[in-house]
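Trainee: To start, I am sharing the structure in question, which I have written as C-alpha cells.
Coordinate-derived values only; no laboratory data. These numbers were taken from a predicted model, which means no experiment stands behind them. Glycine gets a Cβ as well: all are built from the backbone with ideal geometry, and neighbour counts include every protein chain shown.
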Amino acid sequence: MSDVLAENLSGKSVMGADGTELGLLYNITMDLSSGQLYDLVVEPDEELPTRGVDFDVDERGRFQIPVSRVQAVKDYIVVDR
C-alpha cells in the first residue's frame, strides 16, 4: 500500500470489501515506540446491524479493525470482512 498521510484519513468512510458501509474512521491505534499501526477505530454507521459484523468493539461501541485487513485506501478505506 502506498504511503498516505494520517491527516488525509481522518473522517474517511470505511467500507467492507463486499460493499457494506461500516462507518467513519475515528482514529488509528499504534505502538508509539516502533510506529507500528495496530487497528483502525471506526465509528459504526447508525444503520449497520452490528451483530453481523465480525470485529472487536471498544467500550464506546467503535469497531477495532486490524490494519492488516485494509485492502485499499482511495475514496473509501476498504477492509476485508
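Trainee: Of [x] 1.26; [y] 1.18; [z] 1.03, which one was derived for Cα Rg over 2.2 N^0.38 Å from the structure shown?
Mentor: [z]
Trainee: Given an 8 Å cut-off on Cα distances and at least 6 residues of separation, report the relative contact order of the chain as a percent.
Mentor: Numbers: 142 pairs, mean separation 23.6, N = 81.
Normalised by residue count, the contact order of the chain is 29 percent.
Trainee: Report, in debye and to the nearest 20, how large the dipole of the chain comes out about its Cα centre when Lys and Arg carry +1 and Asp and Glu carry -1 on their Cβ.
Mentor: Its charge dipole is roughly 120 debye.
Trainee: Evaluate the relative contact order of segment 34-81 (contact order divided by residue number), counting alpha-carbon pairs under 8 angstrom at least 6 apart; express in whole percent.
Mentor: Computed value for segment 34-81: 35 percent relative contact order.
Trainee: Note down the net charge around Asp75, summing +1 for each Lys or Arg and -1 for each Asp or Glu among other residues with Cβ under 13 Å from its Cβ.
Mentor: Values: positive: Lys12, Lys74; negative: Glu21.
Here the count lands on +1.
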